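Asks: After the structure tokens below, expect a handful of questions from me.
The values are calculated or read from the model by the stated rules, or taken from the named source; none is laboratory data. Owing to the predicted nature of the structure, the values given are computational and were not obtained by experimental measurement. Glycine gets a Cβ as well: all are built from the backbone with ideal geometry, and neighbour counts include every protein chain shown. Just so you know, the surface numbers come from the protein's heavy atoms only, side chains and all, with ligands and any DNA or RNA stripped out. Shrake-Rupley method; radii C 1.70, N 1.55, O 1.52, S 1.80 Å.
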Amino acid sequence: MNILLTGGSGLIGSELTKILIDNGHQVRILTRETDIEHPFYHWDKDKIDEKVFEDLDGIIHLAGSLIAKRWTNSYKKEIFSSRVDTTNLLFDDVKKLNIDLKFFISASGTGYYGQVTSDKIFNESDEPNTDFLGEVCVAWENAAYQFEKIGARVVCVRTSLVLAKNGEGFKLLKKPIQLGIGANIGDGKQWMPWIHIADLLQVYAQAVEDEKMNGSYNASSPENINHSTFNHMLAKKMNKPFFMPNIPAFVMKLALGQMSDLVLKGSRIDATKIQKTGFKFQYPTLKKALEELIHK
């Protein structure tokens, strides 16, 4: 199939491009970047090169500004616009050009459920949270589901923290431990949902091929662990000590502002729905994931 990929210059997009091509698809990248190797089409805030829509079968929409950056009022608007407004722009063009689109697959986030440290395990039928990320994810998914109006199959991939060797998030987690100053943040009891990049890529690849996949799916490991357990397992795999006192919550709030909720709180996420499609996690446990990320 001919597949349009936004966010193709990022870590996930570049790796997904390789998998889709290996699976026999033609991939067109829509990007604002100009220094990528793969042939690409250009877009900006309110215009897309219409050539990209010719004989198009499906769209995978990964574009979006970084979440892990201080949430000033102006940057919160950018986080929202880079996800919701771009989805609306794609829909408007597809509708205007009368494209017979087979599917629209959109990134989303487990932030849909909010940052909630509790014993509850959130599944896809749970109500969204009304915090900032919850509101962003709701608007993001609502924009994606517009594509059902033109007969396209819609899949929203609610993604947790992605662990990848070259991923910025994993590098940030490793760095203090490498320096021997690793410490838990807050009380360390906050849940830390995660997924290995190899599993996330296969979720997207399956969503392309499996016509029965429809709706929102949690892309998160079936193993729920908290922040403290994560850090101790990571330190052990890196053969590093882990003994520093916890970083108080107020310090993180001063340093990060509203964004501090990302590291001070965390929800448990249910992976049952994606597994019921026949999907099998290659890295269902953190122990197995870290063995690949650290030692291979």
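Asks: Considering only residues that are surrounded by 14 or more Cβ atoms within 10 Å (Cβ to Cβ) and assigned to a helix (DSSP H, G or I), which ones fall in the range 66-84?
Replies: Y75, K76, E78, I79, F80, S81, S82, R83, V84
Asks: Taking the range 162-187, which residues are modelled with pLDDT of 95 or more and touching a strand residue (DSSP E or B) at 6+ places or on another chain (Cβ under 7 Å)?
Replies: Across the range 162-187, the qualifying residues are V162, L163.
Yes/no per residue for (1) over 22 Å from the mean Cα position of the chain (by Cα); (2) at pLDDT 90 or above:
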| residue | (1), (2) |
| --- | --- |
| E33 | no, no |
| I36 | no, no |
| E50 | yes, no |
| F53 | yes, yes |
| H61 | no, yes |
| I67 | no, yes |
| T72 | no, yes |
| Y75 | no, yes |
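Asks: Among the listed residues M192, M244, which satisfies the condition of being of a type outside the set (V, I, T) and in contact with a strand residue (DSSP E or B) (Cβ under 7 Å, 6 or more places away or on another chain)?
Replies: On inspection, the qualifying residue turns out to be M192.
Asks: Select, from E148, E127, E141, the only residue that is out of contact with any helix residue (DSSP H, G or I) (no Cβ under 9 Å at 6 or more places or on another chain), within 23 Å of F80 (Cβ to Cβ) and modelled with pLDDT of 95 or more.
Replies: E148
Conditions tested, residue by residue: (1) in contact with a helix residue (DSSP H, G or I) (Cβ under 9 Å, 6 or more places away or on another chain); (2) closer than 23 Å to M213 by Cβ; (3) not aliphatic (A, V, I, L, M).
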| residue | (1), (2), (3) |
| --- | --- |
| I59 | yes, yes, no |
| G64 | yes, yes, yes |
| I67 | yes, no, no |
| K76 | yes, no, yes |
| F80 | yes, no, yes |
| T87 | yes, yes, yes |
| L90 | yes, yes, no |
| D93 | yes, no, yes |
| N98 | yes, no, yes |
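Asks: Just give me the residues in the range 258-296 being over 22 Å from N123 (Cβ atoms) and free of Cβ contacts under 8 Å to residues at least 24 places away in the same chain, in sequence order.
Replies: Result: S260, K288, K296.
Asks: Within the range 122-134, does at least one residue satisfy the condition of being in contact with a strand residue (DSSP E or B) (Cβ under 9 Å, 6 or more places away or on another chain) and surrounded by fewer than 22 Cβ atoms within 10 Å (Cβ to Cβ)?
Replies: Taking every residue of the range 122-134 in turn, at least one turns out to be in contact with a strand residue (DSSP E or B) (Cβ under 9 Å, 6 or more places away or on another chain) and surrounded by fewer than 22 Cβ atoms within 10 Å (Cβ to Cβ).
Asks: Same structure, new question: Would you point out the residue of the range 85-104, among those that are part of a loop (DSSP other than H, G, I, E, B) and among the aliphatic types (A, V, I, L, M), that is least open to solvent (accessible area, probe 1.4 Å)?
Replies: The selected residue is L101.
Residue by residue, here is whether (1) over 22 Å from the mean Cα position of the chain (by Cα); (2) closer than 20 Å to I247 by Cα; (3) without any contact (Cβ under 8 Å) to a residue 12 or more places away in the chain; (4) open to solvent by 10 Å² or more (accessible area, probe 1.4 Å) holds:
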{"residue": "W140", "(1), (2), (3), (4)": "no, no, no, yes"}
{"residue": "A144", "(1), (2), (3), (4)": "no, no, no, no"}
{"residue": "G151", "(1), (2), (3), (4)": "yes, no, no, yes"}
{"residue": "V157", "(1), (2), (3), (4)": "no, no, no, no"}
{"residue": "G169", "(1), (2), (3), (4)": "no, yes, no, yes"}
{"residue": "L173", "(1), (2), (3), (4)": "no, yes, no, yes"}
{"residue": "I195", "(1), (2), (3), (4)": "no, no, no, no"}
{"residue": "A207", "(1), (2), (3), (4)": "no, no, no, no"}
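Asks: With open to solvent by 30 Å² or more (accessible area, probe 1.4 Å), of a type in the set (K, R) and closer than 24 Å to I12 by Cβ as the only criterion, which of K273, K236, K253, K240 stands out?
Replies: None of the others qualify; the one that does is K273.
Asks: Would a scan of the range 97-118 turn up a residue that is in contact with a His (Cβ under 6 Å, 6 or more places away or on another chain) and in contact (Cβ under 8 Å) with a residue 12 or more places away in the chain?
Replies: Yes, because at least one residue in the range 97-118 is in contact with a His (Cβ under 6 Å, 6 or more places away or on another chain) and in contact (Cβ under 8 Å) with a residue 12 or more places away in the chain.
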